[in-house]
Structure formats: structure tokens, C-alpha cells
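Engineer: Structure incoming, see below.
The values are calculated or read from the model by the stated rules, or taken from the named source; none is laboratory data. Every value quoted in this text rests on a predicted model; they were computed, and no experiment measured them. All Cβ positions, glycine included, derive from the backbone under ideal geometry; neighbour counts span all protein chains shown.
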Amino acid sequence: MSHSESIASRGGHRALLEVDGVVVRFGGVVAVNEARFDVEAGTVTGLIGPNGAGKTTCFNVISGLQRPTSGKVWFDGRNVSNTPVHRRSKMGMGRTFQRLEAFGSLTVRDNVRVAADIHSGALPLRRRSAGKVDIDALLERVGIAEYARERADSIPTGTARLLELARCLASQPKLLLLDEPSSGLDETETDDFGDLLRDLAAEGCAILMVEHDMDLVMGVCDTIHVLDFGSIIAQGDPAAIRNDPAVQKAYLGYSDEADEGHPVRENHAQSGGYPGDEYDTSTDLPPVEATMTLPAVGSGIGRGERR
Amino acid sequence: MGSFLAFTIFGLVTGSAYAIAASGLVLTYATTRVFNIAHGALGMVLSFVFWDFSVRQGMPTLLALVLVLGVVAPGIGLLIQRVVARGLGDAPVSVSLVVTVALLVLSIGAATTIWPNEARSISPFFPETSFEIFGGSYITAHQVLTVVLSLLVAVLLYGLLNRTRIGTAMRASVDNPELLKLFGGNPERVAGLAWAIGVSLAGLAGILLVSTVGLDYYALTLLVINAYAAAMLGRLKNLPLTFVGAMTLGLVTSYASGYLPTDGVLNQVRNVIPALFLFAVIVLMPQAQLRIGQVKGIVSAPLPSPLKAGGWGGATLLFVAMVVSVVSEANLLLVGIALTYAMVMLSLVLLTGYGGHVSLSQLTFAGVGALAYIKMGNTGLTGILIAGLVAALSGVLVALPSIRLTGLYLALSTLAFGVIMDKLVFNADIGFGSNGSLNAQRLTLLGTSIESTRVYVWLMAVFFVGMAWLLLLARRGRLGRMLIALRDSQAACGTLGLDARWFRIGLFAVSAGMAGVAGALYAGLRGTVGANDFLYFQSLILLLLAVVFGVTSMTGAALGGTGLMLLPVLQSSYPAVGGLLFVVIAVGAILLARNPNGLSIYLFSLGRLADRRLGDVVRQRLPELPVPGGSLAGARQHARSEHQANEDAERSLGSVGLADDEELLEEGTRVAQ
């Protein structure tokens with residue numbers, strides 16, 4: 001279903017988020033190629049694809065951290081393609097990062113507090129009184145209340161991801177962009193996390209999630225978009241995606257031994273992460289996606305996203 | 001027409017020398033992401049080495065040139081890369097800027113120590129030879145050589161980057177050093193080569209310019225402004241555009257010196273053309289994108305509880321009161337100067353310690369404050385306040401052009417600002433007058449002017465403590481949290497809805513305002529002030545000392561201020577060590593740059609250590625007290641568990657063992673009780 005059709009079929013009604021033919025080129029490399037997809041309010045949408053497929057770049061374009069070479073992003077019925085990052089956030093967009101961006105020298109509680117402060121207006125004059133956030137309740141809900149007083153750079157990776165989610169929720173977003181939120185979580189934590197996502201969606205929040213844990217993706221998503229070489233190669237509900245030949249080719253078509261999981265994982269670990277996050281070259285990789293059923297292929301080098 | 005041609009030729013020649021310097025700057029920055037503020041200073045040192053070889057030791061010119069550019073310069077470059085600059089590209093901009101500022105000060109300190117101030121000159125190459133060109137203009141062989149060399153540098157650099165394997169690696173290293181490593185490249189070797197070539201080019205430019213500029217410690221050091229004004233046109237990456245920028249700058253400078261009137265304000269403009277050019281280019285630069293990637297490894301100095309801060313503030317006031325009541329009039333002045341510097345360093349605590357930004361002209365803001373205070377003629381508290389506001393406004397003017405750019409450009413703007421203000425305002429009639437000074441009145445409180453210097457100095461201490469309290473209050477509140485958050489991750493702040501640009505400008509303004517208040521108080525202290533009280537070079541020393549003593553704590557600011565006050569005192573009592581002191585400060589700053597908490601953090605841990613060691617002894621010697629449990633063993637047990645709790649609390653706060661918030665420690669103690 002093409003974009004124009006999708007609008008027509010809904011009588012001109014636009015989805016909460018519409019990515020409209022976005023292209024991102026880094027020099028000669030096309031990181032995102034004519035990507036088109038919608039995210040509806042009150043749903044969980046998955047964005048999956050092999051490493052280096054352009055998922056994080058897509059997120060950067062949607063949240064405003066990367067200017068697209070061409071194409072548009074519509075949010076809440078408005079063209080936000082030229083809107084700066086902070087204003088998109090004010091409109092109700094929130095995101096987490098694949099490479100953690102917690103405020104390391106603040107405590108976990110203060111991380112969320114800052115977000116609530118920013119949300120209610122940075123300067124006292126412009127402070128909004130409405131929508132006061134209960135920080136402790138938020139930490140409790142996400143399940144990291146016990147870490148509240150610890151410095152954010154001393155907590156485990158999985159916890160830090162949940163912290164980023166809590167921080168995001170403090171700004172009461174309409175759309176949540178989650179970049180690999182479950183890596184670093186154990187099985188029970190992942191289950192709880194899935195429940196939390198469903199709850200949030202039930203409250204009306206739209207969630208777009210890049211995720212490698214296929215059990216989680218298949219379990220919680222209403223719709224899944226598959227990205228490969230920067231293009232959307234399939235969209236549909238989990239069952240349709242699971243049986244889509246193009247998806248199977250994208251995931252399995254490159255190497256048979258990828259089925260084993262191991263070679264792929266080693267490759268991933270050596271690569272020092274994803275080229276999309278070009279600056280952070282530290283070695284504290286997120287733990288590899290052990291529960292992946294459709295393994296990610298290759299490390300993304302060679303078709304990486306560079307600035 | 002003839003003179004126009006002459007000025008054009010002269011402009012192209014100067015432009016060629018700038019181009020050589022600028023291309024070295026671009027090469028190092030592009031391959032290692034370290035912007036070398038000391039680029040001009042290294043050129044200065046190498047010119048001195050060249051003088052030493054060719055004039056003092058009498059080597060043949062060519063031999064000296066080859067030795068300097070082929071051996072000494074690459075050696076220095078490699079040494080810097082190996083010892084100082086390694087890993088600096090990944091560090092926050094504030095760290096790499098401080099390190100290269102330290103290199104600059106180190107170069108000047110070393111040069112003044114090795115080659116004490118005396119008249120020296122280097123004659124141009126082939127001094128006898130010149131060629132007549134149309135219209136009766138002459139071009140000297142030295143000038144021809146300069147142009148030819150710059151073209152040669154351009155061709156060789158192009159060949160190196162585009163035609164050789166290591167050049168490809170260099171270009172790859174610009175994009176992603178980690179990936180380069182994966183493909184078998186060696187980023188370290190690439191960085192070493194870039195530094196070696198970069199320093200050689202700085203030396204070549206310096207040596208070519210020295211016959212016109214003169215062998216001077218500071219004039220050649222400031223060459224870096226010309227070089228980066230040119231490099232900025234190529235966005236610090238593009239070599240051809242850098243050459244265009246250098247030629248344009250050379251021509252504009254040359255025409256300005258030929259056609260601008262020799263009296264009035266415009267006369268001074270010619271000296272600041274590179275800085276103005278730089279501002280123009282910065283304004284024209286396209287918007288930079290928010291940097292993704294959090295800043296890691298910054299451990300904040302412990303934040304004292306309000307009670308503790310109050311106690312220390314009171315103690316400081318008492319201490320200063322005691323000091324000012326006993327010292328002589330001359331030393332009284334020194335205490336006042338120390339307090340001035342300490343206040344300026346407080347403004348750096350806000351800007352650099354909390355905010356992660358660097359200013360290379362903080363004393364210039366103090367000068368603006370002093371000037372505003374004097375010109376306003378209002379000696380009440382409002383006068384001080386207005387001085388602060390004017391300085392804050394000038395801070396906004398500096399920060400505004402780089403609003404869309406990254407922290408590096410902001411810092412470079414401040415350097416240009418320092419030079420412009422010094423030449424165009426402070427030394428002009430609208431300022432203190434050329435080599436002149438202005439008289440300032442003391443502050444008037446409750447209708448009485450404070451004529452007693454003792455009282456005035458104590459009042460300055462009140463201002464210092466008041467500012468420190470305000471800072472700590474702000475740090476504890478929501479603005480403080482936002483500042484730290486913005487320093488730790490700009491991208492996250494952006495996606496949470498914070499407009500980092502205006503926040504940064506506000507931060508810069510407040511910091512400049514604090515420095516302005518310090519400047520106004522200083523004017524009152526001295527009675528007469530001039531441009532020499534606010535030299536931009538002194539701003540660099542101030543920054544380094546702030547880093548050495550700790551730019552995150554009030555203690556660091558107080559100690560740093562005292563240190564900066566003592567510097568000229570030491571230099572005048574021991575003239576021989578004058579330059580060496582710069583070297584010591586610079587080395588200290590290089591060692592401590594990665595830990596912005598500086599020396600004062602060790603002081604804090606010393607205090608805690610003493611408490612732990614001695615506290616136990618004291619507790620054990622305590623007579624048997626009616627504690628719960630009743631026995632001495634119980635009391636010991638109690639003391640030990642308290643100690644244990646303290647340690648646990650510290651350990652839980654990260655490997656460095658420092659509490660971000662001392663309340664936590666107190667909490668731990670309470671729990672143990």
C-alpha cells in the first residue's frame with residue numbers, strides 16, 4: 001500500500017507519525033532509501049532489519065537529530081521536517097538511544113527529574129503548572145526504583161535503558177521512539193517490559209521500536225516494518241512478517257551459518273557497535289541479542305552510516 | 001595603480017604564509033579532531049630555533065632550515081601526539097582546548113626561558129635579490145619563495161592525501177578511527193604523521209613571516225587566529241577552501257593597511273582584521289547538528305550541603321577579615337587581586353566546571369565590567385550591577401554568532417573577542433586610552449564611600465562568598481541539574497525538549513556577568529586601571545590555573561585566584577624562573593585536564609582520609625559512654641559500623657569513591673546510627 005493510497009483510504013486522515021519517502025545519503029552511501037511508513041496512536045510498531053539497515057538513522061531523522069537528504073516527516077498532522085529537535089519533543093515526541101545517553105553524573109532520580117523540569121519549562125517564567133510528574137511513581141512503574149539514588153553511570157546497561165524510558169515518559173510523550181530498549185534485560189525483565197509497552201499503548205501512546213529480540217517484537221507489536229539496505233521491504237502484522245519470503249531472505253539470505261548465531265555475534269562484538277553511532281567508540285557494548293530467533297547478519301560495515 | 005599592485009602582491013604573499021599555517025592546522029584537526037590553539041606558538045618556538053641555528057650558531061641557512069623543519073618540528077609534533085594529544089580527540093572539547101592552551105603557554109614559557117627577551121632579527125631569504133615587475137613595483141625573492149612554497153605545500157598535501165596509502169588512511173581517520181583500525185590501518189601512526197606535518201607547516205609559516213612580523217613571543221603566537229580564520233572558511237576540513245580563505249585574508253589585510261586612514265578607530269581595525277574575518281565566517285557557517293554521544297568519565301566534585309557551604313563561607317570571611325587586619329597596605333592589594341581572580345574563576349566554575357564550555361577571554365569580560373563601572377560613574381551597588389549586566393551583554397554578543405555551532409567555535413570566538421577588545425576598545429579612546437589608564441571611584445555603601453582598603457578588600461570577600469553561595473544554590477536546583485545534564489548529553493537534552501542554544505547563551509552571559517562584577521570591584525580596588533590589567537594572554541593563564549586547582553569547586557577557585565595573584569609576585573622576586581612558572585602551570589594543566597576537579601579534589605579526599613584515620617583513633621580513646629549496649633566494646637562496634645557504612649556509601653558511588661552529593665554520605669551515617 002503506497003503512501004498516497006493510505007491517506008486516501010483514511011479519508012485524508014493522517015496517522016500520528018508518517019515517514020514520507022525519507023532518503024538519507026552519507027556521501028555515496030544511501031543509509032535510508034525512500035522509507036515510508038506510518039505509526040498510529042495507541043499501537044506498538046516494530047522497526048526491524050539487519051544491522052546497518054538504517055534503523056537508527058531513521059530514528060535520528062524522525063527525532064530531528066539528522067536532516068534527511070529528501071523526504072518528509074509528518075507528526076500529529078504537521079510537517080516537522082524542518083522543526084528542531086527540542087520543538088519536536090515539545091510536540092510530544094520522545095526517544096531513547098541505542099548507545100546510552102543517560103546523564104552519567106546525575107543520580108537516576110535526578111535524570112528523570114531533569115526531564116520533568118525541562119518538560120514543565122526550562123525557565124521559571126515559562127513554567128507550566130499543568131501535568132506535574134510523579135517521579136518516584138514513574139521509577140516504580142518502569143521498575144528501577146531501587147536504583148533511584150545511584151549515579152546513572154554506575155548502573156547496569158539494561159537498567160540504564162529503562163532509565164532512558166522513564167526519562168522519556170517524564171515528558172509525557174504521544175510518540176515513543178525506543179532504540180533497542182530490551183538489550184541488557186534478562187528474560188523476566190523483558191517480559192515485564194513487554195507488558196509495560198502494552199500498557200502504555202493502551203493509554204494511547206504510540207510506540208515505535210527498533211528491536212532485535214524477535215520474541216519481544218513478535219509478542220508485543222501490532223505492526224512491523226522491515227528495513228533492509230535503507231528500504232522498507234515488508235510491512236504487516238507479526239504473523240505476516242514471519243512468513244514473508246523477502247524478510248526471510250534479508251535475514252537468512254546472506255549466510256547459512258548465521259543460523260548458529262555464534263559467528264554473527266562475534267562479528268558484531270568486534271565491530272565496536274554500529275557505524276550509525278559514529279562518535280562513541282567506547283567498548284562497553286550492549287550485551288548481544290541472545291534471544292534472537294532471526295539473527296542479525298553482518299556488522300553493517302561497508303554499508304554503514306557515516307556522517 | 002602601482003601601489004594597488006604592490007598591495008596585491010604583498011597580500012598574496014602574506015596570504016601564502018597564512019595558507020601554509022592554516023593547512024597545517026586543518027591537517028591536524030581533520031585527522032585527530034584536536035584543534036591546536038598552540039599552532040602559532042609552535043611556529044614561534046620553531047622560528048626561535050631557526051634563529052638559534054642560523055644566527056647564533058652560524059649554521060648555513062639551508063642546513064638550519066632543513067634541521068628545523070625536517071627534524072626538530074616533526075620531533076616536537078610526534079612528541080606532542082605521543083605524550084599529550086593521544087586520545088584527546090574523543091575527549092570533550094573543553095579538555096582538548098585546555099590541553100592545547102597549555103601547550104601554547106608552555107611554548108611561550110619555554111621560549112622566554114631559553115631565549116630571554118633581547119633584540120633579535122632574522123633577515124629574509126636572499127635579502128639582496130628582488131625582481132622588477134610592471135609599473136615599477138618590486139617583488140623580493142623572499143616573497144616569491146613564500147608563494148612558491150605555499151603552492152608546493154598545496155600540491156604535496158594534495159598528493160599525500162589523494163595519491164598515497166597513508167593519505168587515504170588519514171582521510172579515513174577523519175571519518176572513523178575505529179573503522180580504520182578494523183581495516184588494518186593504524187590511527188596512532190596516522191595521528192603522529194598529521195602532528196609531525198602540522199607542526200612543520202607551523203614552523204615554515206613562522207619562519208617565512210618572521211622577517212616581516214619580527215621575532216616576537218606573542219605576535220607569532222597570535223598567528224593561530226589568522227590561520228584558523230582561514231581554515232574556518234573550509235570548515236576546518238576543506239584544504240582548497242582553506243587556501244582561498246588564506247589568500248582572501250591576506251589581501252584584505254594588505255589593502256586595509258594600505259587604504260585605511262591612519263588615525264581614529266579605523267586605524268586600529270587593521271590589527272583585528274583576522275579576528276573580524278573569523279566572526280564573519282562563523283556567522284556564515286551552516287547549522288551544526290546536535291552531537292550524539294554522551295560525555296563520560298566526569299566525576300563532579302562533592303557538592304557541600306547548605307550547612308557546610310554556609311560554614312565554609314563564614315570561615316572564609318573570618319579568615320579574610322583576620323588577614324586584612326594584619327597585613328601591610330601593599331599586601332592588602334595582593335589579597336584584593338587574589339579575590340578578583342578568584343571571582344573570575346568562579347565564573348569559570350559555572351561555565352567550564354558545570355557547563356563544560358571554555359572561554360579564552362574571561363579577563364576581557366572583567367575588563368568590560370571595569371570599563372562600564374568607570375564610564376558609568378555610578379559608584380553604588382547598582383553601578384556594580386550595571387557593570388555586570390554590560391559584561392553579560394558582551395558575553396551574549398560573543399556567544400550569539402556561534403549559536404548554531406559546536407562548543408569549539410564558541411571558545412575560538414572568545415579568543416578572537418579578546419584580541420578585538422584589547423586592540424579596538426581597551427587601547428582606544430573609548431576605552432582606557434592607548435597605553436593609558438582611567439581613575440575609578442570606590443564603591444559607595446549607605447551613602448559613604450569605602451575609603452579604607454581593609455574594609456574594601458573584606459567587602460570583596462563578601463562578594464566572593466556571596467557569588468559562591470549563589471552558584472551552589474543554582475547547582476542544587478533545577479537549573480544546576482539541567483546544566484549538568486546538558487554537559488553530559490546534548491542529544492538527550494534536545495530530545496527531552498531543551499533548546500541547548502539559548503541555554504548556552506544564557507550560561508555564557510551569566511558567566512561573563514560574574515567576571516564583569518569582579519572587574520568592576522577590581523577597578524575600585526586599584527583606583528586606576530588600564531588595558532594591561534586585562535590582557536588576553538592572562539586569560540589563558542587564568543583558565544589553566546583554574547583547571548589545575550579545580551574548576552568544579554569553590555575551593556578550587558579560591559586557591560586558583562591566590563595562585564594567579566602570586567604568579568607575578570614570584571616572577572618579580574625570582575626573575576630567572578619567570579618563564580619556567582608558565583611551563584610548570586602548563587604541565588600541570590596538561591596532567592590535570594582530564595580531571596576538571598583539579599588539585600582541590602585531592603584536598604577533599606585528604607580531609608576525608610584524615611577523618612577516617614584520626615576519627616577512629618579519637619573514637620577509640622573515648623571514655624566509656626552510656627551508649628546503647630552500655631559497654632566499651634559496644635561503642636567500638638558502633639564506631640566501626642559507622643566507618644563501614646561510610647566506606648560502603650562511598651564505594652557505591654563509583655570507582656573514584658567520591659560522593660556526588662555529600663548528603664548521601666550523611667544519610668549513610670544516619671542509617672548506621
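Engineer: Quick test for you: out of B:Leu542, B:Leu559, B:Leu570, pick the one residue that is surrounded by fewer than 22 Cβ atoms within 10 Å (Cβ to Cβ) and among the hydrophobic types (A, V, I, L, M, F, W, C). Before you say what the answer is, go through the steps one by one.
Structural biologist: Values: B:Leu542 fails: surrounded by fewer than 22 Cβ atoms within 10 Å (Cβ to Cβ); B:Leu559 fails: surrounded by fewer than 22 Cβ atoms within 10 Å (Cβ to Cβ).
Just a single option satisfies the conditions, and that option is B:Leu570.
Engineer: It is to be established whether one or more residues within the range B:527-539 are at pLDDT 90 or above and over 22 Å from B:Lys423 (Cβ atoms).
Structural biologist: No - not one qualifying residue is present in the range B:527-539.
Engineer: Would you mind finding the one in B:Leu67, B:Leu5, B:Leu63, B:Leu78 that is at pLDDT 90 or above, assigned to a helix (DSSP H, G or I), over 33 Å from the mean Cα position of the chain (by Cα) and farther than 29 Å from B:Ala416 by Cβ? Even if it seems obvious, please write down each step before you answer.
Structural biologist: Values: B:Leu67 fails: over 33 Å from the mean Cα position of the chain (by Cα); B:Leu5 fails: at pLDDT 90 or above; B:Leu78 fails: over 33 Å from the mean Cα position of the chain (by Cα).
Exactly one residue qualifies, and that residue is B:Leu63.
Engineer: Which residues, counting only those in the range B:208-228, are within 21 Å of B:Gly109 (Cβ to Cβ) and among the hydrophobic types (A, V, I, L, M, F, W, C)? Step through it out loud before you land on a result.
Structural biologist: Restricting attention to the range B:208-228, the residues satisfying the condition of being within 21 Å of B:Gly109 (Cβ to Cβ) are B:210, B:213-225.
Those that are within 21 Å of B:Gly109 (Cβ to Cβ) and among the hydrophobic types (A, V, I, L, M, F, W, C): B:Val210, B:Val213, B:Leu215, B:Ala219, B:Leu220, B:Leu222, B:Leu223, B:Val224, B:Ile225.
The rows are residues; the columns are (1) within 14 Å of chain A (Cβ to nearest Cβ); (2) of a type in the set (A, V, I, L, M, F, W, C); (3) closer than 20 Å to B:Val68 by Cβ.
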residue: B:Ser137; (1), (2), (3): no, no, no
residue: B:Gln143; (1), (2), (3): no, no, no
residue: B:Met170; (1), (2), (3): no, yes, no
residue: B:Leu204; (1), (2), (3): no, yes, yes
residue: B:Leu209; (1), (2), (3): no, yes, yes
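Engineer: Take the residues in the range A:142-158 that are among the β-branched types (Val, Ile, Thr) and assigned to a helix (DSSP H, G or I), then tell me which one is farthest from A:Leu197 (Cα to Cα). So that I can check it myself, show each step before the final result.
Structural biologist: Taking the range A:142-158 first, the residues among the β-branched types (Val, Ile, Thr) are A:142, A:144, A:155, A:157.
In the following step, the residues that additionally are assigned to a helix (DSSP H, G or I) were identified as A:142, A:157.
Values: A:Val142: 10, A:Thr157: 19 Å.
Restricting to residues being among the β-branched types (Val, Ile, Thr) and assigned to a helix (DSSP H, G or I), the top hit is A:Thr157.
Engineer: Taking the condition of being part of a loop (DSSP other than H, G, I, E, B) and more than 8 Å from chain B (Cβ to nearest Cβ), how many residues in the range A:71-110 meet it?
Structural biologist: If we filter the range A:71-110 for residues that are part of a loop (DSSP other than H, G, I, E, B), which is where we start, we get A:76-77, A:80-84, A:92, A:96-106.
If we keep only those that are more than 8 Å from chain B (Cβ to nearest Cβ) too, we end up with A:76-77, A:80-83, A:92, A:96, A:98.
Going through the range A:71-110 one residue at a time, the tally reaches 9.
Engineer: For the range A:111-125, name all the residues that are under 15 Å from B:Arg475 (Cα atoms), at the interface with chain B (Cβ under 7 Å from one of its Cβ atoms) and modelled with pLDDT of 90 or more.
Structural biologist: A:Arg113, A:Val114
Engineer: I'd like to know if the range B:114-129 contains one or more residues that are part of a helix (DSSP H, G or I), on the phi < 0 side of the Ramachandran plot and not polar (S, T, N, Q).
Structural biologist: Residues of the range B:114-129 part of a helix (DSSP H, G or I): B:114.
Subset that is on the phi < 0 side of the Ramachandran plot: B:114.
Filter again for not polar (S, T, N, Q), leaving B:114.
The answer is yes; a qualifying residue exists.
Engineer: Of a type outside the set (Phe, Trp, Tyr), farther than 16 Å from B:Ala38 by Cα and surrounded by 20 or more Cβ atoms within 10 Å (Cβ to Cβ): does that describe B:Thr248?
Structural biologist: Details: of a type outside the set (Phe, Trp, Tyr): yes; farther than 16 Å from B:Ala38 by Cα: yes; surrounded by 20 or more Cβ atoms within 10 Å (Cβ to Cβ): no.
So B:Thr248 does not fit the description; no.
Yes or no, residue by residue, for (1) of a type in the set (Gly, Ala, Ser); (2) closer than 30 Å to B:Leu78 by Cβ:
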residue: B:Ile197; (1), (2): no, yes
residue: B:Leu208; (1), (2): no, yes
residue: B:Tyr218; (1), (2): no, yes
residue: B:Ala230; (1), (2): yes, yes
residue: B:Lys237; (1), (2): no, yes
residue: B:Thr248; (1), (2): no, no
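Engineer: Looking at the structure I just gave you, is A:Leu65 at pLDDT below 90 and either within 21 Å of A:Gln98 (Cα to Cα) or in a loop (DSSP other than H, G, I, E, B) (or both)? Break it down into steps so the answer makes sense when it comes.
Structural biologist: On the way: at pLDDT below 90: yes; either within 21 Å of A:Gln98 (Cα to Cα) or in a loop (DSSP other than H, G, I, E, B) (or both): yes.
Yes; evaluated as a whole, the condition is true for this residue.
Engineer: Same structure, new question: Looking at (1) within 7 Å of chain B (Cβ to nearest Cβ); (2) within 17 Å of the chain's Cα centre (by Cα), which is the only condition A:Lys55 fails?
Structural biologist: Condition (1) is where A:Lys55 drops out.
Engineer: What is the residue count in the range B:368-425 for residues that are of a type in the set (A, V, I, L, M), assigned to a helix (DSSP H, G or I) and more than 16 Å from the chain's Cα centre (by Cα)? Steps first, please.
Structural biologist: Quick first cut of the range B:368-425, residues of a type in the set (A, V, I, L, M) only: B:368, B:370-372, B:374, B:376, B:381, B:384-387, B:389-393, B:396-400, B:403, B:405, B:408, B:410-412, B:415-416, B:419-421, B:424-425.
If we keep only those that are assigned to a helix (DSSP H, G or I) as well, we get B:368, B:370-372, B:374, B:376, B:381, B:384-387, B:389-393, B:396-400, B:408, B:410-412, B:415-416, B:419-421, B:424-425.
Still in the list and also more than 16 Å from the chain's Cα centre (by Cα): B:368, B:370-372, B:374, B:376, B:381, B:384-387, B:389-393, B:396-397, B:400, B:420-421, B:424-425.
Number of matching residues: 23.
Engineer: Give me the residue from the range B:470-518 that is surrounded by fewer than 22 Cβ atoms within 10 Å (Cβ to Cβ) and not in a helix (DSSP H, G or I) and, out of that set, farthest from the other protein chains (Cβ to nearest Cβ).
Structural biologist: B:Gly477
Engineer: Among the polar types (S, T, N, Q), farther than 30 Å from B:Phe319 by Cα and touching a residue at least 24 places away in the same chain (Cβ under 8 Å), is that true of B:Ser489?
Structural biologist: So B:Ser489 passes the test.
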